[in-house]
Amino acid sequence: MKKLWGGRFQSETSNIMEDFNSSIGFDWKLYHYDIEGSKAHVKMLAETGIISREEAGLIIGGLEAIEADIDQGLVEFTSKHEDIHMNIEALLIEKIGQVGKKIHTARSRNDQVALDLKLYARQSVDKLSGLLKEWIDILVNMAEENIDTIMPGYTHLQRAQPISLAHFLMAHVEMARRDLLRLESWKSIHNTMPLGSGALAGTSFPIDRHMTAKDLGFEMPSMNSLDGVSDRDFVIDLLGACSVGMMHLSRLCEELIIWSSQEFAFVEMDDAYSTGSSMMPQKKNPDACELIRGKTGRVYGDLLTVLSMMKALPLAYNKDMQEDKEALFDGVETWTKALMVAKPMMKTLKVKKDNMLRATRQGFLNATDLADYLVKKGLTFRDSHRLVGEIVFDCIEKGIGLEDISLDDYKAYCDLIGEDIFDNIAIEACVESRQSLGGPSRDQVVNHIEFVRGWNV
Ligand code: ARG
């Protein structure tokens with residue numbers, strides 16, 4: 001079969017080269033965007049008189065018929081035509097004859113592929129934003145139900161200070177809001193349309209790039225034809241957003257895995273998001289979380305693939321850039337699936353509130369509150385910190401908590417301590433007293449929930 005570009009060639013491409021060179025095995029996923037871009041291009045060619053309106057009508061009709069055929073699974077792509085762009089062009093010529101050969105006037109595959117991939121990326125950003133909004137809703141609703149669910153907060157994975165589960169969940173809401181803002185900023189940075197950059201140096205045809213940019217919903221055409229075909233920042237930025245988003249999910253999943261262990265027993269995953277062991281009949285494993293944690297590394301790999309591929313690459317198009325697609329598809333699809341699993345997994349999560357509360361009873365989570373109490377009574381913070389450290393040491397020896405010390409014993413440590421000490425170091429009071437903005441007290445968490453509910457990107 002003669003290649004569409006075969007004029008200057010005397011002999012056929014080798015089979016092994018054809019296989020190595022071809023991208024149709026993955027870039028077929030761009031077919032919708034390729035046809036969308038081609039329709040805008042052809043309409044513009046007619047408007048500017050580069051082709052006739054009749055010709056444009058025939059081409060557009062042909063493209064729409066091809067799209068419908070692909071939608072219905074009627075088309076078999078071939079690696080003989082290398083990629084989605086040439087497969088569609090060949091199908092078009094087959095369908096409508098000679099006039100189909102005009103579609104590629106004033107266009108190169110270099111600006112064509114840059115456009116197609118950007119259209120795919122833009123659509124993906126919209127879908128991911130929708131998923132993130134749903135994710136935020138689930139977390140916020142769950143937080144609202146758990147404002148009074150007291151649990152240990154950790155640093156170094158050591159019990160530190162009591163917080164509420166709501167406060168923990170709302171921390172993840174903040175991460176998801178930043179993920180959403182990252183996608184929003186992607187849309188404003190990458191709102192330029194590369195079609196019309198040609199192979200690298202534009203075209204001598206009187207094309208109207210404002211027209212195609214507007215038609216395709218971009219703010220403006222890209223301003224430099226070399227950059228237009230060379231730019232893959234939009235791929236890297238989107239994979240960056242996917243990587244950070246996955247990193248956020250992986251941190252939540254890691255805690256849920258730990259919390260599902262018998263040692264913690266803070267939560268139980270629904271059966272629908274767990275799996276069993278082929279050998280050990282008693283096992284119920286938090287696989288959904290483990291997979292999200294594992295796939296995070298894979299998405300980082302996608303980002304590194306494109307960053308490394310683009311490093312030191314000369315302007316303009318180089319075939320290396322064909323490697324951008326699988327990485328981008330994989331990063332986007334992986335984050336999408338991770339969010340789709342995380343949503344119902346969180347919604348069906350069983351929270352063992354009693355165990356969470358019980359865990360706050362051991363580990364001196366109220367030690368900071370005792371120290372703060374002494375400061376409010378007149379000690380300096382450093383002296384107070386030291387004294388409380390000594391009291392904690394004694395309690396460890398005796399196997400008791402700070403709330404088990406008698407008032408007389410407290411007074412022996414420091415006569416500034418009064419009867420009110422016990423109200424001040426009760427775990428619930430420790431959470432409630434942290435009224436500082438963004439803190440775990442009921443009012444602060446409710447305030448945060450209301451803020452997020454009223455927030456719109
Ligand atoms: N299949 C190619 C890619 O994905 C399309 C662009 C090819 N351009 C070229 N000059 N060979 O990058």
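The values are calculated or read from the model by the stated rules, or taken from the named source; none is laboratory data. Owing to the predicted nature of the structure, the values given are computational and were not obtained by experimental measurement. All Cβ positions, even for glycine, are placed from backbone atoms using ideal geometry, and neighbour counts span all protein chains on display. To get the accessible areas, we keep the full protein, side chains included, count just its heavy atoms, and leave off ligands, DNA and RNA. Shrake-Rupley method; radii C 1.70, N 1.55, O 1.52, S 1.80 Å.
Output the residue which, of all residues in region 312-358 that are β-branched (Val, Ile, Thr) and surrounded by 14 or more Cβ atoms within 10 Å (Cβ to Cβ), is nearest to the ligand (Cβ to nearest atom).
Applying the filter and picking the extreme gives 332.
Just to be sure before I move on: is residue 70 farther than 22 Å from residue 321 by Cβ, in a helix (DSSP H, G or I) and out of contact with any Lys or Arg (no Cβ under 7 Å at 6 or more places or on another chain) in the structure I sent?
yes
Name the pairs whose Cβ atoms lie under 8 Å apart, with the first residue in region 76-95 and closer than 21 Å to residue 17 by Cβ and open to solvent by less than 40 Å² (accessible area, probe 1.4 Å), the second among the basic types (Lys, Arg) and within 10 Å of the ligand (Cβ to nearest atom), and 6 or more positions between them or separate chains?
From residues that are closer than 21 Å to residue 17 by Cβ and open to solvent by less than 40 Å² (accessible area, probe 1.4 Å), the pairs are 83/109; 85/109; 86/109.
Output the residue which, of all residues in region 69-110 that are among the acidic types (Asp, Glu) and away from the ligand (no atom under 16 Å from the Cβ), is farthest from residue 27 (Cα to Cα).
94
Would you tally the residues in region 5-30 being within 13 Å of the ligand (Cβ to nearest atom), under 25 Å from residue 120 (Cα atoms) and either in a helix (DSSP H, G or I) or at pLDDT below 90 (or both)?
The qualifying residues number 9.
Can you tell me which residues in region 167-212 are more than 16 Å from the ligand (Cβ to nearest atom) and of a type in the set (Val, Ile, Thr)?
Scanning region 167-212 gives 173, 189, 192, 207, 212.
Can you spot a residue in region 194-217 that is assigned to a helix (DSSP H, G or I), among the hydrophobic types (A, V, I, L, M, F, W, C) and within 30 Å of residue 44 (Cα to Cα)?
yes
Quick test of your reading of the structure: residue 152 fulfils all but one of (1) closer than 30 Å to residue 29 by Cα; (2) open to solvent by less than 30 Å² (accessible area, probe 1.4 Å). Name the failing condition by number.
(1)
Looking at region 320-349, I want the residues that are under 19 Å from residue 273 (Cβ atoms) and touching a residue at least 12 places away in the same chain (Cβ under 8 Å) and have a partner that is part of a loop (DSSP other than H, G, I, E, B) and open to solvent by 10 Å² or more (accessible area, probe 1.4 Å) with Cβ atoms under 6 Å, at least 6 apart or on another chain. Which pairs are those?
So the pair list comes out as 348/270.
Tell me which residues, restricted to region 364-381, are crowded, with 17+ Cβ neighbours inside 10 Å and outside any helix (DSSP H, G or I).
364, 365, 366, 379
Hey, can you tell me all the residues within region 274-324 that are touching a strand residue (DSSP E or B) at 6+ places or on another chain (Cβ under 9 Å) and either in a helix (DSSP H, G or I) or among the β-branched types (Val, Ile, Thr) (or both)?
275, 287, 288
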